[in-house]
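Engineer: If you scroll down you'll find the structure; I have some questions about it.
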Amino acid sequence: MLEWLNPVKGFGVTFHTMFKKVPTIEYPEVKAPTMPRFHGRHQLNRWPDGLEKCIGCELCAWACPADAIYVEGGDNTEEDRYSPGERYGRVYQINYLRCILCGLCIEACPTRALTMTNEYELADDSRESLIFTKEQLLAPLYEGMEQPPHAMRLGETEEDYYRLGRDDVTVPAAHSGEQDSEAAQ
């Protein structure tokens, strides 16, 4: 019976919001802060001595549902060492025309080499400039870091390196399996 009233209600909402004063956001000049867990532009991280964390395993490329990541691994040598492991990411590209910023590549990375920043301005008028290369994705060198390639500085072996040279890292008894074997007896 009152079905003719539904369009009138809809127009009422429209007219109510049309004449309401809404504050203007001055976006280009004043950038709004993002939430802490915002998924923005990717970044390839480094170890404290400057070596790259990426080991060229290509798991991020396999996890990407949009097929936006391309990785080619290369072998480290004693003269040319880019990461602490046997391999490093020789070629690394992310195509932001395809990337959906879902974060699945971050979850797949075993060394936490790939993270996402809060940078969200990725628009450009050139398609080529939206394919980010390894050089664009690598974190900058901070004080105390050395440009790779160079020898490992945080330890003699890969295990020392991944523990960052700390000897105080121990496995608690609850997680070492000793407690389980005592409980079984």
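Nothing in this text is a laboratory measurement; each read-out follows from the coordinates by a stated rule. All of these numbers come straight from a predicted model, not from anything done at the bench. Virtual Cβ from ideal backbone geometry, glycine too; neighbours counted across all protein chains shown.
Engineer: Which translational diffusion coefficient, to the nearest whole µm²/s, is obtained for region 27-100 from the Stokes-Einstein equation, given a Kirkwood hydrodynamic radius over C-alpha pairs, 37 °C and 0.692 mPa s? It would help to have the intermediate numbers written out before the result.
Structural biologist: Values: Rh = 14.3 Å.
Taking Rh from Cα pairs, D becomes 229 µm²/s.
Engineer: Quick check: net charge around Glu121, other residues with Cβ under 11 Å of its Cβ, Lys/Arg +1 and Asp/Glu -1?
Structural biologist: Working: positive: Lys31, Arg41; negative: Glu119, Asp124.
Charge balance near Glu121 sits at 0.
Engineer: So, one more: Project the alpha carbons of region 48-166 onto their principal axes and report the range along each, largest first, in whole Å.
Structural biologist: Answer, in whole Å and largest first: 45, 28, 25 Å.
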